[in-house]
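Novice: Handing you a structure now.
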Amino acid sequence: MTLTIGKLSKTTGVNVETIRYYERIGLLTPAVRTESGYRTFGEREAERLRFVKRGRELGFSLEEIRTLVELADQPGQPCAEVDRLAEGHLAEVRQRIADLRRLEAELERLVGCTESSVRECRIVEALSGGR
């Protein structure tokens with residue numbers, strides 16, 4: 001199966017410019033070019049693009065995904081490195097969740113303005129460094 005960049009985009013749900021970017025930075029194998037210069041991709045590239053997209057959806061950085069792609073290309077290797085990378089990412093996600101919970105608590109403390117004017121509003125005062 002041969003896909004143009006537009007069809008690859010539709011098949012994977014990844015924007016054409018993003019596909020070109022991934023190709024430029026080496027996450028995708030450079031496309032085969034037709035005589036007229038159009039990029040063509042195969043099922044392998046579509047699978048790789050789905051892998052990268054899912055990694056991004058899970059919050060992995062492009063460098064982490066690059067490492068995961070390299071490891072995925074060596075299926076016989078032990079998965080300890082993949083596990084280490086995922087554990088590190090999990091720790092980052094947990095930290096972000098903790099930060100968001102603190103933010104949530106602060107916003108809950110501030111909302112519910114009962115003052116008559118913005119001048120006396122707790123939220124505006126807190127953002128100005130007051131409370």
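The values are calculated or read from the model by the stated rules, or taken from the named source; none is laboratory data. Because the structure is predicted, anything quoted here is derived from the model rather than measured. Glycine gets a Cβ as well: all are built from the backbone with ideal geometry, and neighbour counts include every protein chain shown.
Novice: Read through the list (1) modelled with pLDDT of 95 or more; (2) in contact with a Cys (Cβ under 6 Å, 6 or more places away or on another chain), then give the number of the only condition that GLU115 fails.
Specialist: (1) is the only condition that GLU115 fails.
Novice: I'd like to know if the range 66-78 contains one or more residues that are of a type in the set (A, V, I, L, M) and either touching a Ser or Thr at 6+ places or on another chain (Cβ under 6 Å) or assigned by TED's automatic domain parsing to the domain that holds THR2 (or both). So that I can check it myself, show each step before the final result.
Specialist: Keep residues of the range 66-78 that are of a type in the set (A, V, I, L, M), which gives 68-69, 71-72.
Okay, now just the ones that are also either touching a Ser or Thr at 6+ places or on another chain (Cβ under 6 Å) or assigned by TED's automatic domain parsing to the domain that holds THR2 (or both), so none.
No; the residues of the range 66-78 include none that is of a type in the set (A, V, I, L, M) and either touching a Ser or Thr at 6+ places or on another chain (Cβ under 6 Å) or assigned by TED's automatic domain parsing to the domain that holds THR2 (or both).
Novice: Taking the condition of being closer than 23 Å to GLU64 by Cα, loosely packed, with under 12 Cβ neighbours inside 10 Å and charged (D, E, K, R), how many residues in the range 1-42 meet it?
Specialist: So the count comes out to 2.
Novice: Let me ask another. Given the structure, is GLU92 among the charged types (D, E, K, R), at pLDDT 80 or above and not assigned by TED's automatic domain parsing to the domain that holds ARG56?
Specialist: The answer is yes for GLU92.
Novice: Does the range 48-57 include one or more residues that are touching a Phe, Trp or Tyr at 6+ places or on another chain (Cβ under 9 Å), over 17 Å from VAL82 (Cα atoms) and surrounded by 15 or more Cβ atoms within 10 Å (Cβ to Cβ)?
Specialist: Yes: one or more hits.
Novice: Condition first: loosely packed, with under 12 Cβ neighbours inside 10 Å, assigned to a loop (DSSP other than H, G, I, E, B) and over 32 Å from the mean Cα position of the chain (by Cα). Now tell me which residues in the range 80-128 satisfy that.
Specialist: GLY112, THR114, SER116, SER117, SER128
Novice: Can you list the helices (runs of 4 or more DSSP H) lying wholly within the range 1-79 that have 2 or more residues being within 14 Å of the chain's Cα centre (by Cα) and modelled with pLDDT of 95 or more?
Specialist: 16-24, 43-57, 62-72
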